[in-house]
Every structure is written in C-alpha cells, then in structure tokens.
Amino acid sequence: MYYEVHGGGAQTLVMIRGLGSNLTAWYEQTPVFAKQFRTVVFDNRGAGRTDKPDAPYSIAQMAADTKGLMDALGIQRAALLGISMGGMIAQELAINYPERLKCLLLGCTTSGGREAVPAAREILAAVTAGANAPVEQQKLQLKAVLSDDTIERRPEVVAKHQRIRELYPIPPFAFLRQVQAITQHDTSGRLGTIKTPTLVMTGREDRLVPPANSKMIAARIRGARLLEMAGGHLFFTEHPEQFNSAVIDFVNKHPN
C-alpha cells in the first residue's frame with residue numbers, strides 16, 4: 001500500500017480518494033493541509049502505486065485497508081476525509097471502526113441503496129468506460145467531474161486536472177474491480193449508527209453523484225452538517241479555497 005505523510009501538526013488528517021484516482025490528485029489540498037495537520041494520503045487498492053490484486057474488491061475491504069494503514073502508522077484516532085468512492089470507504093470506516101475517528105468529512109459521495117440518486121445514463125457509461133472511452137465519451141467524462149463554468153472559462157484548471165490524471169494510471173482490470181465495489185456499496189440502512197461529528201459537502205453542479213445524495217446522507221447522520229458549494233463533482237479542485245477552509249475549520253473544531 002503506497003502512502004505519504006506530509007506535515008506534522010498535532011492533529012492527523014487521513015484522506016481517501018475516489019474511483020481510479022491516486023494521491024497525486026490531492027494537489028490542491030495536500031500542500032495546504034500539511035501546514036495545519038499531519039496529513040496522510042495514499043493510493044487505494046488497485047490504484048496508483050498500491051498493489052493491484054485481480055480479485056473482487058469491496059468498499060468494506062478498502063475501509064479495512066485504511067484502518068490497517070492507520071495501525072501501521074500508529075494512528076489511534078484521526079480526522080477522516082473521503083471524496084466520491086473515498087467517501088463510501090469513509091462511511092464504512094465510521095460504521096465499523098468508530099473509535100478510530102475524531103470527525104468525518106464526506107465529499108460528493110453516496111450511501112448507495114435503492115434511494116440513491118444515480119447519474120444520467122450517458123454520464124455513467126462515459127465514466128465506466130475509463131481510459132478506453134472514444135472521443136465523445138471523453139468529453140462526457142469531463143462534464144461528469146467539472147462544472148460548465150470551469151470547462152468553458154478556466155482552461156488552466158482543466159489542463160492541470162487532465163495532466164495530473166495521467167500520472168500512475170489505473171489498469172483497466174483494477175478500474176473494473178473498483179467499479180464493481182461501488183455498485184455493491186450500500187450504507188443507507190446503517191448511517192444512523194454513525195455518532196462521529198460529520199460534515200457532508202457537495203458541488204451544486206455535480207453530474208456524477210448528484211447533490212441529492214449528500215442531502216440524504218446528512219439527513220440520516222444525527223447532527224451532520226451539509227455544505228453545498230459551487231462546482232461539479234470535483235468542486236474541491238475547482239474551488240479549493242472554500243473547500244480547504246471548510247475542512248480546516250471543521251477538523252480544528254473537533255480535536256478530541
């Protein structure tokens with residue numbers, strides 16, 4: 001399991017990436033958070049520089065991977081941030097290992113289950129096509145994760161996103177294993193067991209994991225706070241200042 005530790009603050013923040021992604025994609029977050037916290041980033045099973053077994057994956061299994069990394073690093077309790085698939089992993093970790101968390105931060109994610117609000121069929125098809133997508137689907141892949149404003153008016157943001165995404169690309173078989181894990185994810189009936197202080201965040205223009213999913217999660221976790229921001233699925237990349245500020249503030253409010 002490939003990981004990096006940045007910074008050395010009194011608080012520890014563990015961050016979990018999403019489908020097909022690796023730790024390099026935290027480029028707008030890691031340098032900022034490392035000034036405040038001991039910041040742990042890693043590549044999920046199948047992605048980046050972590051091992052890629054060609055066997056079934058599950059979200060609960062990847063939550064156990066995360067706990068195992070925390071054990072190996074001697075981290076007893078930490079703030080946990082998960083986005084997209086990483087948010088699914090974070091939910092399972094909060095449910096199964098609540099004693100390990102000081103607070104929980106979820107971004108652009110879903111609890112799965114029958115009531116989950118899916119993306120449009122063409123968006124899902126484009127994203128699950130992965131690196132082998134034809135040109136038209138590649139355009140839809142961009143629309144799946146970035147807002148129209150960013151795509152049309154901020155070419156530098158788009159270019160950096162695409163450049164970073166090419167680092168340590170996930171093999172097609174491992175990408176499919178992660179997709180299969182996502183399709184089986186369902187914490188909808190167990191969210192009420194989470195007692196950890198929770199912040200749920202979403203981009204208002206998220207076409208991949210519609211904001212309604214974040215609203216449902218926030219409604220089912222007692223005391224959870226919902227924060228909607230400008231941007232698409234990768235709202236934290238499009239508008240990092242607001243996202244980073246919200247994360248830093250929430251983590252600092254829950255030191256114990």
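Structure values in brief
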{"quantity": "Sum of side-chain charges, MET15 neighbourhood, beta-carbon under 15 Å (Lys, Arg +1; Asp, Glu -1)", "calculated": "+2"}
{"quantity": "Aspartates and glutamates with Cα under 17 Å of LYS52, excluding same-chain neighbours fewer than 8 positions away", "calculated": "ASP43, ASP65"}
{"quantity": "Where trypsin sites (Lys or Arg not before Pro) fall in DSSP loop in the range 178-247, at most 16 other Cβ within 10 Å", "calculated": "ARG190, LYS195, ARG204, ARG222"}
{"quantity": "Distance-filtered residues of the range 1-43 - backbone nitrogen under 18 Å, label point 7 angstrom along ASN252 Cα→Cβ", "calculated": "7-14, 29-39"}
{"quantity": "Rounded to 10°, Cα long-axis angle of helix 240-252 versus longest principal axis of the chain", "calculated": "20"}
{"quantity": "Distance between modelled label sites at VAL117 and ALA131, nm, 7 Å Cα→Cβ extension", "calculated": "3.4"}
{"quantity": "TYR27 paired with ASP186, simple spin-label distance in nm, labels 7 Å along Cα-to-beta-carbon", "calculated": "3.9"}
{"quantity": "Percent RCO, i.e. relative contact order, over the range 125-256, from Cα pairs under 8 Å lying at least 6 residues apart", "calculated": "25"}
{"quantity": "Whole-number percent relative contact order across the chain, with pairs defined as alpha carbons under 8 Å at least 6 apart", "calculated": "23"}
{"quantity": "Reachable lysines, given that their alpha-carbon falls under 27 Å from the alpha-carbon of LYS143 and they are not under 8 places away in the same chain", "calculated": "LYS160, LYS215"}
{"quantity": "Folded to 0 to 90 degrees: helix 172-183 orientation relative to the chain principal axis, Cα", "calculated": "60"}
{"quantity": "For the range 57-69, 3J(HN,Hα) per residue [Karplus equation, 6.51 cos²θ - 1.76 cosθ + 1.60, θ = phi - 60°, Hz, x = Gly/Pro]", "calculated": "10, 9, 5, 4, 5, 6, 5, 5, 4, 5, 4, x, 5"}
{"quantity": "FRET efficiency for VAL158 and MET1, using Cβ-Cβ distance with R0 set to 35 Å, rounded to 0.05", "calculated": "0.70"}
{"quantity": "The range 203-220 - phi-based ³J(HN,Hα) in whole Hz, Karplus 6.51/-1.76/1.60, Gly and Pro as x", "calculated": "x, 4, 10, 5, 8, 8, 10, x, x, 4, 5, 5, 4, 5, 4, 4, 6, 9"}
{"quantity": "For the chain, diffusion coefficient by Stokes-Einstein and Kirkwood Rh (Cα), 10 °C, 1.306 mPa s, µm²/s", "calculated": "88"}
{"quantity": "Stretch gain in nm, segment ASP148-ARG49, where the contour uses 0.36 nm per residue and the Cα spacing is subtracted", "calculated": "32.5 nm"}
{"quantity": "Solvent-accessible surface (1.4 angstrom probe) belonging to ILE170, in square angstrom, nearest 10", "calculated": "30"}
{"quantity": "Acute angle (nearest 10 degrees) that the helix 85-96 long axis makes with the longest principal axis of the chain, alpha-carbon atoms", "calculated": "30"}
{"quantity": "Over the range 38-94 - Rg/Rh using Cα atoms and the Kirkwood inverse-distance radius", "calculated": "0.94"}
{"quantity": "Residue-wise HN-Hα coupling along the range 71-82, computed from phi with Karplus coefficients 6.51, -1.76, 1.60 (Hz; x: Gly, Pro)", "calculated": "4, 5, 8, x, 8, 6, 9, 8, 6, 10, 10, x"}
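The values are calculated or read from the model by the stated rules, or taken from the named source; none is laboratory data. Everything quoted here is computed from the prediction, not taken from an experiment. Note: ideal-geometry Cβ built from the backbone for every residue, glycine included; neighbour counts use all protein chains shown. When the accessible area is computed, the model is the full protein with side chains, heavy atoms only, and any ligands, DNA or RNA have been set aside. Shrake-Rupley method; radii C 1.70, N 1.55, O 1.52, S 1.80 Å.
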